[in-house]
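Chemist: I am attaching a structure below and will ask some questions about it afterwards.
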Amino acid sequence: MTSTEIFDQDTVAKAQDLIGRYPQSRSALLPMLHLVQSVQGFVSQEGIDFCARQLDLSEAEVSAVATFYTMYKRRPCGEHLVSVCTNTLCAALGGEAIYRQLGEHLGVGHEEVAGEPGAPGSIMLEHAECLAACDLAPVLQVNYEYYDKQTPESATELVEALQRGEKPAPTRGAPLTDFKGAELQLAGFFPEDDEAYWSDVDGPSQTAETLRGARLAADRGWTAPVMEDVPLPEVEKK
Ligand code: FES
């Protein structure tokens, strides 16, 4: 299939919408790659061609970006993407054990899919660098939504629920969708008419652990030192 057959008029309209959001069209490349993933579940060669034509870039320029960032998948993803943080703090608190356990349970390694890619209940597993939630370690994400303070057992139950077609609520933030749905949101398009979605998004996104340092400082009257107004050194002009 050609890119024109894969990406319909609605996708072209969304691509044009994205281009209109930036002073220079090439700035729309990152969200446009997410838009491509919302259609196909990965960035195919046709997806690269689509972005190149929409943005008047070469395929080499689009490929260079698509292969640099780990959020752009060059192989078909599962219905869900499960990202387990194995960075320092999570690893020390059990992230490695969670990743190993899920790998054994699903029978896959990094960026491999359990099940037919894209089919209901299929899952791509990946290990991830710090997911910026060290205060709630060990964490994992499903389609970039957080599941905090996991154990190998709780993570396995979560994955089993996904395989059964369930969508367990994330610990915080927006309700769970699937990988393609999350990619559409990352491209900048949200379910405007879905009241349930927006009422859940309004839920709390910070926890007692997140605020603990700030509360301790407030209780003890600690403040940050005032920044001195130090003049910057002269840069020698050549
Ligand atoms: S080390 Fe896992 S979230 Fe930071």
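The values are calculated or read from the model by the stated rules, or taken from the named source; none is laboratory data. If you're wondering where the values come from, they're calculated on a predicted model, not measured in any experiment. Neighbour counts run over all protein chains shown; Cβ positions are idealised from the backbone, glycine included. Areas reflect the complete protein model, heavy atoms only, side chains present, ligands, DNA and RNA absent. Shrake-Rupley method; radii C 1.70, N 1.55, O 1.52, S 1.80 Å.
Chemist: So how exposed is His110, as accessible area in Å² (1.4 Å probe, rounded to 10)?
Modeler: We get 80 Å² for His110.
Chemist: Kindly report, to the nearest 10 Å², the accessible surface of Lys14 as traced by a 1.4 Å probe over protein heavy atoms only.
Modeler: Using a 1.4 Å probe on the heavy atoms, I get roughly 40 Å².
Chemist: In terms of the Cα gyration tensor, with a ≥ b ≥ c the square roots of its eigenvalues, is region 128-238 rounded because a/c is under 1.5, prolate because a/b exceeds b/c, or oblate?
Modeler: prolate
Chemist: Could you work out the Kirkwood radius for region 1-121, taking every pair of different alpha carbons, averaging 1/r and inverting it, reported in Å?
Modeler: 16.0
Chemist: Out of the total accessible area of region 93-209 (probe 1.4 Å, heavy atoms of protein only), what percent is carbon and sulfur?
Modeler: After summing per-atom areas, the C and S share lands at 50 percent.
Chemist: What's the magnitude of the charge dipole for the chain around its Cα centre, counting Lys and Arg as +1 and Asp and Glu as -1 at the beta-carbon? Answer in Debye, nearest 20.
Modeler: 520
Chemist: Can I ask one more? As a test of reading the structure, rank Met227, Met124 by solvent-accessible area (1.4 Å probe, protein chains only), most first.
Modeler: Largest to smallest exposure gives the sequence Met227, Met124.
Chemist: For the chain, what does the helix formula give at 222 nm: sum of -39500 (n - 2.57) over DSSP H segments with n ≥ 4, over the residue count, nearest 500 deg cm²/dmol?
Modeler: My calculation for the chain gives -12500 deg cm²/dmol from helical runs alone.
Chemist: Report the semi-axes of the equivalent ellipsoid for region 126-179 in whole Å, largest first, where each axis is √(5λ) for an eigenvalue λ of the Cα gyration tensor.
Modeler: Value: 17, 13, 10 Å, ordered largest first.
Chemist: What translational diffusion coefficient, in µm²/s and rounded to a whole number, does the Stokes-Einstein relation yield for region 69-211 at 37 °C and a viscosity of 0.692 mPa s, taking the hydrodynamic radius as the Kirkwood radius over Cα pairs?
Modeler: Taking Rh from Cα pairs, D becomes 214 µm²/s.
Chemist: Quick one: accessible surface of Leu93, probe radius 1.4 Å, all protein chains present, in square angstrom to the nearest 10.
Modeler: 100
Chemist: In whole Å, how far is the Cα centre of region 26-57 from that of region 111-187?
Modeler: Spelled out, the Cα-based centre of one part sits 24 Å from the other.
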